[in-house]
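To keep things clear, I will list the structure first and then write my remarks on it.
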């Protein structure tokens, strides 16, 4: 059987290429079936790879240029062909790799991916998705920043893509879907949300739609997939990340404020280690731009090696799944839906 190949932008991120290669080491140790195309500046990469067992499983592809974290997407797009990011995404386009991973500039990665891979048929706009830790495990939230607004048709498309993605990454056979709103009552929300909810309830779509959910329902894990527009989703995501850092700071201060609290922390070491693991952003690192003809995973720019390895796990999981075919099937049902046909006529 042919080896699964992942394409890596080794120069993207705050601490590249060191963190990228360290993350590759961690991932490669648990996935001996995966090979890598590593895109970047050859001399620097070969020096960093020297002495690593990883080298035998890598093809290093040279690119002169690197897209900076602050570069405007339009500028990055114009010169993408000579960059490590453009090369990594291009490998997915040509079929040389099944998925690309980058910790680089988010806007540039979105622009380059959309131009190179194009949208799937029936997708109005791709959506950026995030894995969200919850009281029940993990949920999928989309969109978290690709589109500032979304109409009812786009929200329904997000639900279809999110359900397929959730099946691939969480293992839920029939994931529940909620539409983010200011209340759970049916009369709440604007006309766009009401129309989207009406269409998601159409049995012809096969969606396990549970109705409206509120902001506090996301972390509670009320549903497996939370659908919203990119503006609201991004605000919710950044708020949750900030709250997690705040709580972690409170816990750290409380446990070091006196000798008595330090003794208590020592006695509670196992529980605190588990808490630290649950709050570690590395454990849920990796966002995917859904709706493209290929898999591209965006890692946090400031991630550590463990976090980059998590993004690679996600890329490999999606590359080996049927989620894009499931999305295509769902979009086909949407086109045939009586509600959609009535709206068009």
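The values are calculated or read from the model by the stated rules, or taken from the named source; none is laboratory data. Since we're looking at a predicted model, the values are computed, not measured. Neighbour counts run over all protein chains shown; Cβ positions are idealised from the backbone, glycine included.
Note on the range 302-329: among residues that are over 13 Å from the mean Cα position of the chain (by Cα) and closer than 27 Å to residue 70 by Cα, the one that is surrounded by the most Cβ atoms within 10 Å (Cβ to Cβ) is 309.
Within the range 81-104, the set of residues being buried (at least 24 other Cβ atoms within 10 Å of the Cβ) and farther than 21 Å from residue 318 by Cα comprises 83, 84. For the range 140-149, the count of residues that are touching a residue at least 60 places away in the same chain (Cβ under 8 Å), assigned to a helix (DSSP H, G or I) and either over 23 Å from residue 176 (Cβ atoms) or out of contact with any helix residue (DSSP H, G or I) (no Cβ under 7 Å at 6 or more places or on another chain) (or both) is zero.
Among the residues of the range 164-189, just one is closer than 19 Å to residue 232 by Cβ and touching a residue at least 60 places away in the same chain (Cβ under 8 Å), namely 165.
Residue-wise test of (1) within 19 Å of the chain's Cα centre (by Cα); (2) modelled with pLDDT under 95; (3) surrounded by fewer than 18 Cβ atoms within 10 Å (Cβ to Cβ).
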site: 3; (1), (2), (3): no, yes, yes
site: 18; (1), (2), (3): no, yes, yes
site: 29; (1), (2), (3): no, yes, yes
site: 33; (1), (2), (3): no, yes, yes
site: 64; (1), (2), (3): no, yes, yes
site: 67; (1), (2), (3): no, yes, no
site: 113; (1), (2), (3): yes, yes, no
site: 116; (1), (2), (3): yes, yes, no
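Scanning the range 218-231 for residues that are touching a strand residue (DSSP E or B) at 6+ places or on another chain (Cβ under 7 Å) and either surrounded by fewer than 19 Cβ atoms within 10 Å (Cβ to Cβ) or outside any helix (DSSP H, G or I) (or both) yields 219, 220, 221, 222, 223, 224, 225, 226, 227, 228. For residue 175, the conditions (1) touching a helix residue (DSSP H, G or I) at 6+ places or on another chain (Cβ under 7 Å); (2) under 30 Å from residue 85 (Cα atoms) all hold with the exception of (2). Residue count for the range 192-207, restricted to those that are touching a residue at least 12 places away in the same chain (Cβ under 8 Å) and surrounded by fewer than 19 Cβ atoms within 10 Å (Cβ to Cβ): 6. Taken over the range 140-187, the residue count meeting the criterion of being within 15 Å of the chain's Cα centre (by Cα), modelled with pLDDT of 90 or more and more than 18 Å from residue 328 (Cα to Cα) is 2. Determine, yes or no, whether residue 19 is assigned by TED's automatic domain parsing to the domain that holds residue 8, on the phi < 0 side of the Ramachandran plot and out of contact with any strand residue (DSSP E or B) (no Cβ under 8 Å at 6 or more places or on another chain). For residue 19, the condition - assigned by TED's automatic domain parsing to the domain that holds residue 8, on the phi < 0 side of the Ramachandran plot and out of contact with any strand residue (DSSP E or B) (no Cβ under 8 Å at 6 or more places or on another chain) - is met. Each residue in the range 45-61 was checked for being exposed (fewer than 14 other Cβ atoms within 10 Å of the Cβ) and more than 13 Å from residue 24 (Cα to Cα), and 3 pass.
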